[in-house]
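Novice: Here it is: the structure, laid out below.
None of the figures in this text is laboratory data; all of them are computed from the coordinates on show. Bear in mind the structure is a predicted one, so any value in this text is a computation, not a measurement. Here the Cβ is made from the backbone with ideal geometry for all residues, glycine too, and neighbour counts use every protein chain on show.
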Amino acid sequence: MNKIDFEIFKLAAECRNFEINVFNAVKNKKITIPVYLSAGQEYIPATLAYLIKKELKINPYIFPQHRCHSIYISFGGNKLKLVKELLGLKGGCSYTKGGSASIHSEEIKMIGHDGHMGTQVPIGVGSCFTSKKPTIVFMGDAAAEEDYVLSSLGWASTKKLPILFIVEDNNLSILTEKKIRRNWNMHDVAKSFKMKGYEINDNPKEISKFKKYFFKEPMLLNIKTNRLFWHSGAGQDNPDIFDRLNFEMKRIGNKSFKENILIKNYIDKLWQRQLEKL
Ligand SMILES: Cc1ncc(C[n+]2csc(CCOP(=O)(O)OP(=O)(O)O)c2C)c(N)n1
Ligand SMILES: [Mg+2]
């Protein structure tokens, strides 16, 4: 078994087990704030975090959108502080004022989202223009349609910034599919702005192919993925949707199943201890 596959799997499993706990806490009304679950999409941040932090040894500035728990966890955010943030307990990562959509962490240079879809793109580009430091900006496939996102891509390209744009393309804007909203693609838009642009799947092997370009020049990866649960809250739209984590766990085999149980027990206990404080 490939070590890289296994390391990425472990990160993704950590994210999934965390999100299952959030799901249950929402269902049991222990969490009452709006919550945006990233389950199903965790292979994108898990793969990127592995490639960027472990392989390239870079700690980039991170500009997420609202669906960001897995981004925070994959890039090394403190899980206990995120549990506290979501439960409204003192000591949350965003000073217990951000909630699910605005996860913020100076420790991992992650800048909390303001709730307006896509604003993280001009803000991230502006920050990168000033710092000239490696910067990763995440956006949803719907946020990518905002005018201020498109103009920011143009500026990043013109100034050749060390920036990586990741479109987490779950094909949905809440419940509206992409084909109803537009007849164009984000990787084509990136290319028209004279930067590298590709459309790929959330398969670690596909994502890895582009590592050589990370932060050397502006690039946009439109990565197709699947949202497992409702846009907001705890429920399921489509139980048959493709689940990358499950697929990879089966592909990697026995060792991954066992590791998943260990990770699950650890994260369940972490949540249990904080739930007891409510
Ligand atoms: C400027 C703006 N318009 C509308 C909304 C309401 N809204 C919140 S999330 C969302 C859909 C976001 O879809 P996408 O960017 O693809 O992210 P996803 O939820 O799929 O991860 C909408 C329309 C908003 N928050 N901000
Ligand atoms: Mg979407």
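Novice: Hey, any hits in segment 179-191 for a residue that's of a type in the set (Val, Ile, Thr) and surrounded by fewer than 17 Cβ atoms within 10 Å (Cβ to Cβ)?
Specialist: Yes; the residues of segment 179-191 include at least one that is of a type in the set (Val, Ile, Thr) and surrounded by fewer than 17 Cβ atoms within 10 Å (Cβ to Cβ).
Novice: Output the number of residues of segment 151-176 satisfying the condition of being within 13 Å of ligand 2 (Cβ to nearest atom) and without any contact (Cβ under 8 Å) to a residue 40 or more places away in the chain. Lay out the reasoning, then the answer.
Specialist: First pass over segment 151-176, keeping only residues within 13 Å of ligand 2 (Cβ to nearest atom): 166-176.
Next, from what is left, pick out any that are without any contact (Cβ under 8 Å) to a residue 40 or more places away in the chain: 173, 176.
The qualifying residues number 2.
Novice: Does any residue of segment 177-187 turn out to be touching a strand residue (DSSP E or B) at 6+ places or on another chain (Cβ under 7 Å) and farther than 24 Å from Pro134 by Cβ?
Specialist: Step one: list which residues in segment 177-187 are touching a strand residue (DSSP E or B) at 6+ places or on another chain (Cβ under 7 Å), which gives 181, 185-187.
Of the ones still in play, those that are also farther than 24 Å from Pro134 by Cβ are 181, 185.
So far as segment 177-187 goes, yes, one or more of its residues are touching a strand residue (DSSP E or B) at 6+ places or on another chain (Cβ under 7 Å) and farther than 24 Å from Pro134 by Cβ.
Novice: With respect to Phe129, determine if the residue is closer than 25 Å to Ser70 by Cα, more than 13 Å from ligand 1 (Cβ to nearest atom) and out of contact with any Gly (no Cβ under 7 Å at 6 or more places or on another chain). Walk me through how you get there before you give the answer.
Specialist: Working: closer than 25 Å to Ser70 by Cα: no; more than 13 Å from ligand 1 (Cβ to nearest atom): yes; out of contact with any Gly (no Cβ under 7 Å at 6 or more places or on another chain): yes.
No; evaluated as a whole, the condition is false for this residue.
Novice: Same structure, new question: For the subset of segment 139-173 comprising residues that are within 9 Å of ligand 1 (Cβ to nearest atom) and hydrophobic (A, V, I, L, M, F, W, C), which member is farthest from Asn59 (Cα to Cα)?
Specialist: Leu172
Novice: Please indicate, with yes or no, whether at least one residue in segment 55-73 is surrounded by fewer than 21 Cβ atoms within 10 Å (Cβ to Cβ), in a helix (DSSP H, G or I), more than 16 Å from ligand 2 (Cβ to nearest atom) and over 15 Å from the mean Cα position of the chain (by Cα).
Specialist: Here is the first cut: in segment 55-73, the ones surrounded by fewer than 21 Cβ atoms within 10 Å (Cβ to Cβ) are 55-59, 61.
Imposing the further condition that a residue be in a helix (DSSP H, G or I) reduces the set to 55.
Subset that is more than 16 Å from ligand 2 (Cβ to nearest atom): 55.
This time we only want the ones that are over 15 Å from the mean Cα position of the chain (by Cα), so: 55.
Yes: one or more hits.
Novice: Examine segment 209-221 for a residue that is within 16 Å of ligand 2 (Cβ to nearest atom), under 20 Å from the mean Cα position of the chain (by Cα) and without any contact (Cβ under 8 Å) to a residue 40 or more places away in the chain, and state whether such a residue exists.
Specialist: Here is the first cut: in segment 209-221, the residues within 16 Å of ligand 2 (Cβ to nearest atom) are 220-221.
Filter once more, keeping what is under 20 Å from the mean Cα position of the chain (by Cα): 220-221.
Add one more test, that the residue is without any contact (Cβ under 8 Å) to a residue 40 or more places away in the chain, and what stays is none.
The answer is no; no qualifying residue exists.
Novice: I need the full set of residues from segment 117-144 which are in contact with a Phe, Trp or Tyr (Cβ under 9 Å, 6 or more places away or on another chain) and outside any helix (DSSP H, G or I), in order please. Write out each step before concluding.
Specialist: First, the residues of segment 117-144 that are in contact with a Phe, Trp or Tyr (Cβ under 9 Å, 6 or more places away or on another chain): 118-129, 131, 133-139, 144.
Answer for segment 117-144, where residues must be in contact with a Phe, Trp or Tyr (Cβ under 9 Å, 6 or more places away or on another chain) and outside any helix (DSSP H, G or I): Gly118, Thr119, Lys133, Pro134, Thr135, Ile136, Val137, Phe138, Met139.
Novice: A follow-up question, please. So in segment 131-150, with the set limited to residues that are surrounded by fewer than 16 Cβ atoms within 10 Å (Cβ to Cβ) and within 17 Å of Leu164 (Cβ to Cβ), which one is nearest to ligand 2 (Cβ to nearest atom)?
Specialist: If we filter segment 131-150 for residues that are surrounded by fewer than 16 Cβ atoms within 10 Å (Cβ to Cβ), which is where we start, we get 131-132, 147-148.
Restricting the remaining residues to those that are within 17 Å of Leu164 (Cβ to Cβ) gives 131-132.
Working: Ser131: 28, Lys132: 30 Å.
Taking the candidates together, the pick is Ser131.
Novice: If you check Gly124 against the conditions, is it farther than 15 Å from Pro34 by Cα, under 17 Å from the mean Cα position of the chain (by Cα) and not polar (S, T, N, Q)? Full working, then the answer.
Specialist: Details: farther than 15 Å from Pro34 by Cα: yes; under 17 Å from the mean Cα position of the chain (by Cα): yes; not polar (S, T, N, Q): yes.
So Gly124 passes the test.
Novice: Does Ser38 qualify as being of a type in the set (Ser, Thr, Tyr) and in a loop (DSSP other than H, G, I, E, B)? If you could, list the steps in order and put the result at the bottom.
Specialist: Details: of a type in the set (Ser, Thr, Tyr): yes; in a loop (DSSP other than H, G, I, E, B): yes.
Answer is yes for this residue.
Novice: Quick one: is Ile20 more than 14 Å from the chain's Cα centre (by Cα) and assigned to a helix (DSSP H, G or I)?
Specialist: Spelling it out, Ile20 is indeed more than 14 Å from the chain's Cα centre (by Cα) and assigned to a helix (DSSP H, G or I).
Novice: Can you name the helices (runs of 4 or more DSSP H) wholly within segment 167-278 that have at least 1 residues being touching a Leu at 6+ places or on another chain (Cβ under 8 Å) and at negative phi? Step through it out loud before you land on a result.
Specialist: Working: elements: 178-181, 186-192, 204-208, 244-252, 254-275.
By residue number, 178-181, 186-192, 204-208, 254-275.
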